[in-house]
Amino acid sequence: MRHRQPFALPLALSLIIALVTLAGIPAMPTAVATEPTYVTTITVNTTADLDLDGSRTCANRPDEPCTLRRAIVQARGLTASQRPALIRFDLPADQANTGDAAGTWTIVLNEGVGANLRDLAGGQVTIDGRTQPGGRAAADGPKVFIHGSTQADRLVINGNGNRLIGLGFIYYNVLFNASNNLVQDVWSGLQESGQAIFFLRDDPSVDSRASFGDATASVGNVFRNVVVTGSRTVAITMRGKDGTIEDSLFGTRADGTVPTIAADRKCRPNARYNNWFGGAGVSLMGTGHTVRNNRFAGLLWASKDPLNTPPVAIDINTANNLVENNIIGIDSAGQKVGICSDAIRLTSSGNQLLNNTIYGAGVRNDDPNKTTEGEQPQTGAIGISGGGVSLGANLMRGNLTEDSIAPVFFFPSVSVRYSYFNPAKVTAISGRTVSGTSGDRANPPAPHQPFDCDCPNCEIELFLDDDDGNIETLTSLGTVTADAQGNWTAENILPAGGLGANQGIRTQITTAANGTIQGFNAGTTSRVSRELYGPSGVINVPAPPAPPRATAPTEYATVAPRAVPDAPEYSFQTTITVNSTSDPDTDQSTTCATQPCTLRRAIVQARALPAEQRPVLIEFDIPTSDARHNATLGVWRIDLNSATSNPFRRLEGGQIVIDGTTQPGGRADGPKIFVRGTNNQHIMIVDSRDNIIRGLGLQGFGLQVNFGGNFIEENWLGLNEDGQSIYYINGNNAIDNKATIQDAETPPAQEGGNVYRNNVVAGSRVSAMTIRSDDSWVVGNYIGTRADGTIPTSGAEVCTSMDWISGDGISVIGGKGTQVGGPSAAERNYLVGLSIRSNDPEVTQPIGIQVGSVGNYLIQNNYIGRDTAGNNVGVCGEGIRMSGDFTVVQDNYIVARQNAALNHLPNVVGANANTYRSNRIVASQQAIIFGPIVPDDLAFFNPGKVTVIDGTRVRGTSGDPGQPPGGRPPIDSSCPFCTIEIFLDNRDNRVETLQSLGTTQADRNGNWAFTLPAALTDQQGLRTVSTANNYGVINQYEAGTSTKVSELYIPGEEEGFAVFLPLVRR
C-alpha cells in the first residue's frame, strides 16, 4: 500500500475525524478579540487598599484616591448603557516597586473578614494593566500586580464578556462563573520579577493560589498568553465548554525557562533545597475545549511525602477536546527538564491528541504501588483510563515522546482488549521502504485469554527511535494504510540512506472500523509497539540506564541563628499608675478614673485608648503601707478577686507595656510585683501586637499570647515570692499550678516574632512554654528551676522527690522558624530536673524540648539537665523529641538519665532534613534513637566508620550496611560527600558524645580523614555522626539529615580499632 507523508490522513480516517470535529472539537484557531469601544472609564490611581467598604466607589468618593476595590464596586453597579467599561491605571511613580521588580506596581489587598474584592458583575468590564503609564515594557510582563491576603483569596467574575489583560496575580486566584471572558497577557503565581515563584513565607508546601477556573455553565472562555506557575491545585480548570487555552506557559519562569535541577533531586517533591516547584497543569472538565501551542515544564508541587504523585500537565476528563502542538517537558531554552508525572491523561471519547512533543514523562518517585516497568506500566507520556461506556475512541497522531516511561500507557480500569492490543508489526526493512502486517497475538495475564490483533484497513504511523532502552517516538515518519488483510508497505518512508546506526522503528495504529479493537469504535489509537524493529528483525535493547547520582555535595543553607531583637524603647503617650494591690471587683468597664488604680482597671483603661494615645505604660507605685506589701522580701502581691470569672480584659490595640520593674523600692533581684489567681488557666491574654509584659510574678495562672511582635521578659511563673520554692494552688502539689506561657499560632499573613526572654517557669504539669507562632525567640529562660537556675535535689531524687517537682519543658509546635536558645551564653535556656508525679507507673515524664508538626527551627546551646551551677542533674523524660523537619539541633548539652537524649520520632513525612551537630550527650540512658515508624533507611543507616587511628591521624569510610532485625533487607550506608562529625567518648559502655572534635567531609566514595587535637588516652575512644549532603543518600531523605551515633572506636594492637556496640532501640 502507498504510504502517506507525515500527518496526511486517508479518506476513511479523515471522515472519522471530520465527524468528531462536527461533534464539538474546534477546527480553526480562535480569533483574537478586538478592543471594545468603552462607554465608561474608571482610573485607579493608588496601590493602597484603603478600606473594606462594599459601597464606596471612585465616583462617590471623588476627593479620595481611587482604589482597585472602589473601581470594581463602581464597575459592577454600571447599567447596560454604561458598558463596556474600562478599569485603567495611573498609579504614581512613588508607589512603584524597586529592585528586580522595578517598573511594576503591586496592590496588596487588606486583611480581615470581607477582604475579597467584590465580584465583577454585569459583564463587559475590562481591567487592563497595560494602561499604566511608564514602567517596564509590555514584552517584559505585567506592570500591575494584585496581591491577595489571608482573607482575600479570589476574584470572582460573574458576567459575560469581561477581560483581564496585562495583570499579575500573586496569592490570588480567579474564578469565572459566566461566558466569553478573556484572560490575556496575565501572570499568576510568579513574583514581579518573573524569575521566582511566590510562596507564602517561602514555603512551597503552602497553597500559592496560582489558579484560574470557570464554571460548568461557562462557554467560550479564552486564556491566551498567560503564565501560571506554582499552583498546588490546577493551573486552569475548564469546567464549561468550548474554551481555549493557547500560547501559554505553565510551571516556568516568565521567559519559559526553568532552573537547572540536580539529577538527585529532580522530580522529588520533598527535596526542598535548590528545587523548582512549578506547580500543576490544566484540567479539562467540560467538552469542546482547545489546548494548543502551550509549553509545560518544571511541573512539580512540594510535599513532605516523597511518594506524593506529581501533577499532570493536561488532564482530560470529558469528550471532544483538541490538544495539539503543545510542548511538554522542554523549556523555551531547549532544556529537557521533564514533566515528573504523566504528560496527558484522558478518558471519555472523541478527543484528539495531535503533534504534541513530550519529554521525560512518568512518575519516578520509587512508589512501590506505581508500576513503571513491564508490559503495562502505569505512568508515562499519554495515559488512558476508564472502562465500559466511559471510554471510547480517541485519536493520537504525530505525538513525539522521548525519555518517558512509556509513550502510551493504560490504567488498570481499561479493558485488556484495548490495553494489550498489539499495534502493527514490521516484517521487512529494505532501503527506505518498510513493510509489515497486523500485530502479533496478544497475551494478557490470566484469567484473560489470548486474542488476535488483526487490523484490516488500519492507519499505521511509523516512528524512529534509538536503542537506548527507552520506548520512544522520536520522529514521526508518516502514516500508511493497511489492506483488508492488515498488510502494508510504506515506500520511501525512511530518510535518505535508510536507518542510521542505533536506530529502529516503532509503530502505532488507529482503527478504521468499529470493533477492530473489541468494544471500541473506529478512530481508536493503540499503544506504541514495545518492539523496536530493525532490518534484521526485533532489536534487543538494554534496560534503561540507571538515573545519575550526584557528583558534588548540594549547596544548601540550614537554619541559622537570628539576632534577638531588643524590646522597643517607647515614647509613651499615656502613663497609667497602679497604686494598689487590691482587686475589689471584676467589672469590665471601670478604669483608673475610679480610685484606687488597680491592675485590672489599668488594663481596662489601656485597651480602650485610641491609637494617638499609644504607646501606653502601666507602671506601678504601690506604697509600702499597702496591706500586701512584704517588707522582708521587698515585694507586693496582688491577690485577684475570687469571683469565678476573674480574667483580666484582653490586651487589645497594641503597644501596651505592663512593667513591674517600675515599682519604686523593693528588692533588686526578681519581680517586685506578684499577681496571684486561682480560677482560670489564662487570666492574662495578649490579643494584639507590640506589647511588653515585664517583671511580674504570676502565681496560679498562665499567660496567653495570641499575636506577634510581643516581648515577655523577666517574669516568674509558678514560683513563690522567695524564688526558692514552687507555688502550688492552695498548697496542693498534686494539681497543676498553671505556670505556663501559651503562644498561639500565627495567622498565615501575620508576622510572629514574639520574644520570650529571661523568664523562670516551674511546676507546670503542661508545657512551661508552648510556642506556636512563627519566627519567635525563646532565650535565656530557666525552666523547672529556682530563680537562680538550680534545683534543691539531684541524682535519682530528681524524679521521685516530693520536695521539688520541676514540671514540664518547652514545646515548639505549629509555627515555623522559632529559635530556642542561640549561640551566646545569654541566649541559653536551662531546663533542669523536669518531672511530674503520678500514681500511674506508665506516665510519660516531661520532655525537655519537644519539636513538632512544622519545622525550620533552631534548637541551639541549651542545657537540658545541667543547671547553672554546672551540676548534671538530668531530666526525667527525653531530652529532645524531634517531630519537625528542616530543623537544626546544635551545641546542646543533654543529660537524660532515664531516657534518650534525642528521640527522632516520625517517618520521613514528619521529620525530614534534621541536622544534629555538636550536641554533648552525657550520662543519658541512650543517645539518639528512632521511633517505630521511622524507615529502616534512616533508623539503621550507619554513620561513618573509623578504619585507622594512628596517633592524631584518623581515617574512615562509609558505615557498614545497617542490619535491621527480622530478616529485613540490609541498609546501604554509603555516604558520598557526607559531613562526618567526630566525638570524644570514654569507655564506660555508655553511648555519649562528651566532646565534639570537629567535622570533615567525605569524598565521592565516602572516604574521609581527620586530625585529632591530641592522641587518645587509654580511656578514650571516638564516635561519629554522619549528615547527608545530597538528596537520597539516606533513601528519600533530603540533604541535612543526620544519623544515629556510631559504635565506639579505639586504637587496637592488631585490627587498628576495637568496637563497643551501643544499644539500638526503635
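Derivation of every value follows stated rules applied to the coordinates shown; laboratory data play no part. These numbers come from a predicted model, not from an experiment. No Cβ is skipped: glycine too gets one built from the backbone with ideal geometry, and neighbour counts run over all protein chains shown.
Some observations on this one:
- The overall shape of segment 668-807, judged from the alpha-carbon gyration tensor, is prolate: a/c is not under 1.5, and a/b is greater than b/c.
- Length added when fully stretched, Thr844-Ala138, from 0.36 nm per residue minus Cα-Cα: 247.8 nm
- Taking 18 Å as the straight-line reach from the Cα of Lys336, the aspartates and glutamates in range (excluding those fewer than 8 positions away in the same chain) are Asp255, Asp264, Glu402, Asp403, Asp465, Asp466, Asp468, Glu472.
- Under the criterion of Cα pairs below 8 Å and six or more residues apart, the relative contact order for the chain equals 5 percent.
- Each other residue within a Cβ distance under 15 Å of Pro568 adds +1 if Lys or Arg and -1 if Asp or Glu, for a net charge of -2.
- Restricting the trypsin sites (Lys or Arg not before Pro) of segment 809-909 to loop positions (DSSP other than H, G, I, E, B) with no more than 16 neighbouring Cβ atoms within 10 Å leaves Arg837.
- Taking the Cα centre of the chain as reference, the dipole from Cβ charges on Lys and Arg (+1) and Asp and Glu (-1) amounts to some 1400 debye.
- Global form of the chain, assessed from the alpha-carbon gyration tensor, a/c cut-off 1.5: oblate
- Measuring r between the beta carbons of Thr34 and Asp202 and using R0 = 35 Å, the FRET efficiency lands at 0.25.
- Inter-label distance for Asn540 and Asp972, nm, one decimal - labels placed 7 Å from Cα along Cα-to-Cβ: 2.6 nm
- Sorted ascending by nearby beta carbons within 10 Å, beginning with the fewest, Tyr728, Tyr756 become Tyr728, Tyr756.
- A simple spin-label model places pseudo-atoms 7 Å from Cα toward Cβ; at Glu751 and Asn733 they are separated by 4.4 nm.
- Selection of GluC sites (Glu not before Pro), segment 355-457, meeting DSSP coil and at most 16 other Cβ within 10 Å: Glu373, Glu375
- Listed residue (Thr999, Pro423, Gly103) projecting farthest to the positive dipole end of the chain, Cβ model: Pro423
- Database note for the chain: Cys without another Cys beta carbon under 4.7 angstrom, Cys453.
- Segment 70-145 and segment 913-928 have Cα centres separated by 55 Å.
- Placing +1 on the Cβ of every Lys and Arg and -1 on the Cβ of every Asp and Glu, with no other charges, gives segment 833-909 a dipole of roughly 120 debye about its Cα centre.
- For segment 308-319, 3J(HN,Hα) computed residue by residue from phi via the Karplus equation (6.51, -1.76, 1.60; θ = phi - 60°) reads 4, 6, x, x, 8, 5, 10, 10, 10, 10, 9, 9 Hz, glycine and proline entered as x.
- Candidates per trypsin sites (Lys or Arg not before Pro) in segment 679-742, loop by DSSP, up to 10 other Cβ within 10 Å: none
- Distant-in-sequence amide H partners of Phe701 (H built 1.01 Å from N, under 5 Å): Gly677
- Using a cutoff of 8 angstrom between alpha carbon atoms and counting only pairs six or more residues apart, the relative contact order for segment 36-185 works out to 21 percent.
- Length released on extending from Asp63 to Ala567, taking residue separation times 0.36 nm less the Cα-Cα span: 177.4 nm
- Residue (of Pro970, Tyr893, Ser348) at the positive-pole extreme of the chain, dipole from beta-carbon charges: Ser348
- A straight Cα-to-Cα reach below 16 Å connects Lys304 with the lysines Lys266, Lys816, residues fewer than 8 places away in its own chain not being considered.
- Farthest toward positive dipole pole in the chain [+1 Lys/Arg, -1 Asp/Glu at C-beta], among Val226, Val873, Asn274: Val226
- In this structure the amide hydrogen of Leu155, modeled in the peptide plane, comes within under 5 Å of the amide hydrogens of Asn173, Val174, Leu175, none closer than 5 places in sequence on its chain.
- Sum of -39500 (n - 2.57) over DSSP H runs of 4+, divided by residues of the chain (222 nm, nearest 500): -1000 deg cm²/dmol
- Remark: segment 703-847 carries a charge dipole of roughly 80 debye about the Cα centre, counting +1 on each Lys and Arg Cβ and -1 on each Asp and Glu Cβ.
- Derived scalar couplings ³J(HN,Hα) [segment 536-546; Karplus, 6.51 cos²θ - 1.76 cosθ + 1.60; whole Hz; x for Gly, Pro]: 9, x, 6, 8, 7, 10, x, 5, x, x, 5
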